[in-house]
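Take a look at the structure set out below.
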Amino acid sequence: MTFARSLTFLRSLLFMVFLVITVVPYAVCCILWAPLPLAWRYRLTLGWPRLALWAATWILGIRYRTQGMERLPDGPVIILSKHQSAWETLYFAVSMPRDVVFVYKRELHHVPFFGWSLALLSMIPIDRTKGRESFEQVVRIGGQRLREGRWPVLFPEGTRVAPGKEGRYKQGGALLACRTGTPVIPVAHNAGERWPCACRGRLDKSLPCIIYKSRGSRQPSDKAPKAAGPRGARRAGGFETAYSALMLADLASCA
């Protein structure tokens, strides 16, 4: 094993230890402040994702930059993102101007400490065993969260997919957008190149996260939507440049 790989392994190990020793006491705190209003609980709970991102930066050496934040509207939106690692879930929680809610399988509530804390945040847990009914759960609960002023975050491929690969896009996010008439923000990033599924952090790399928005804040019912800024994506490294067009075309097809 080379020195660089040994150093990467040690940093990754230190990072995982940091996550474990911080998540347990933080989860206990989350349970203790459960009687507080939801907005307070959400803000307090964000402390742990902030800690995790801080540790990813200073222990693993992962740096990142974001483009397109100025395109985020001051109103309800649905975020449809690529899902390559755990990094983007932390990023969305701490970086969006509104409270975000994730769609996830309900079984996560049974994970000790982490799942218990998650259950207190009133997000969008679904029962995947229900088949197509799970899409209706996304629409029903997601619509309620939008009315509360929160932004749903969905990963249309349903699971983590390695960079350069493409999974089968599911319709939950598109149905939610169509049924509620809510604009969509497609997000492309290359987090999986810096934080792979195996959680082996790569050192001293920048992590561009490109946020796209359809031109003119198009609604899901608009025809022939176009993605904004593909040349900007190529300048940032060329990753997933067609993602915005794919997502918005999928929304147009359900109109």
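Give me a count of the residues in region 93-117 that are under 17 Å from residue 47 (Cα atoms) and modelled with pLDDT under 90. Looking only at that region, the number is 5. Between 65, 43, the distinction of being out of contact with any helix residue (DSSP H, G or I) (no Cβ under 9 Å at 6 or more places or on another chain) and at pLDDT below 90 belongs to 65 only. Candidates in region 147-170 are the residues that are among the acidic types (Asp, Glu) and surrounded by fewer than 17 Cβ atoms within 10 Å (Cβ to Cβ); of these, the one that is farthest from residue 102 (Cα to Cα) is 166. Quick one: in region 39-72, of everything that is over 20 Å from the mean Cα position of the chain (by Cα) and part of a helix (DSSP H, G or I), which residue is farthest from residue 190 (Cα to Cα)? Among those that are over 20 Å from the mean Cα position of the chain (by Cα) and part of a helix (DSSP H, G or I), it is 40.
The values are calculated or read from the model by the stated rules, or taken from the named source; none is laboratory data. Since this is a predicted model, take the numbers as computed values, not measurements. All Cβ positions, glycine included, derive from the backbone under ideal geometry; neighbour counts span all protein chains shown.
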